[in-house]
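Here's the structure we're looking at; comments come further down.
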Amino acid sequence: MATAINWPYSILIVLLLWLLLSLVKRVNQSWPKKLRVIDLMILPMWWSMEAMTFQSTHYSVVGPMMCMFLIWGIALAIYQTFGTQQFVIKRFLLNWWRIIGIVTLVVYVLVIVMTLWQLK
């Protein structure tokens, strides 16, 4: 496993980092308008999910999730190419990263709930 930090502390680190970035976004006037906090929090959430799932079940959920995101990216590229008849790389990457962010957040909450439920 890639971390020596126990999974409850990884959740705390992700929450503190999310609050810090939200505060910086509110205070900083030069924050890019299209950049959301969740866009920056995807990698820390993956790290925390890796710590939670591996330490509690000795199985990692991040690898299969990345394969799923890769397949979704291929499907989105095919849709933009053949469905809308125009493929714009900037729009593709923005849409794909936003989809990854939303799904990662939902899976992260579910992993937290399932890990805490497993402890009961």
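From 10, 60, 48, 56, grab the single residue that is of a type in the set (S, T, N, Q) and under 25 Å from residue 95 (Cβ atoms).
Being of a type in the set (S, T, N, Q) and under 25 Å from residue 95 (Cβ atoms) holds for just one of 10, 60, 48, 56, which is 48.
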Condition set in contact (Cβ under 8 Å) with a residue 40 or more places away in the chain and more than 19 Å from residue 4 (Cα to Cα), scope the stretch 36-67, selection surrounded by the most Cβ atoms within 10 Å (Cβ to Cβ): answer is 41
Do we have residue 47 as modelled with pLDDT of 95 or more and in a helix (DSSP H, G or I) here? no
Residue 101 being in contact with a Lys or Arg (Cβ under 8 Å, 6 or more places away or on another chain) and within 24 Å of residue 36 (Cα to Cα): yes
Collect the residues in the stretch 78-105 that are of a type in the set (Gly, Ala, Ser) and at pLDDT below 95, keeping them in residue-number order. 83
Suppose we filter the stretch 9-35 for residues that are loosely packed, with under 14 Cβ neighbours inside 10 Å and within 26 Å of residue 117 (Cβ to Cβ); how many remain? 5
Restricting the stretch 23-35 to residues that are in a loop (DSSP other than H, G, I, E, B) and without any contact (Cβ under 8 Å) to a residue 24 or more places away in the chain, the residue that is nearest to residue 3 (Cα to Cα): 35
Since residue 88 meets every condition but one in (1) of a type in the set (Val, Ile, Thr); (2) under 21 Å from residue 118 (Cα atoms); (3) free of Cβ contacts under 8 Å to residues at least 24 places away in the same chain, which condition does it not meet? (2)
Quick check on my filter: what residues within the stretch 68-97 are surrounded by 14 or more Cβ atoms within 10 Å (Cβ to Cβ) and either aliphatic (A, V, I, L, M) or within 12 Å of the chain's Cα centre (by Cα) (or both)? 69, 76, 77, 96, 97
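The values are calculated or read from the model by the stated rules, or taken from the named source; none is laboratory data. Predicted, not measured: the structure shown is a model, and the values here were computed from it. No Cβ is skipped: glycine too gets one built from the backbone with ideal geometry, and neighbour counts run over all protein chains shown.
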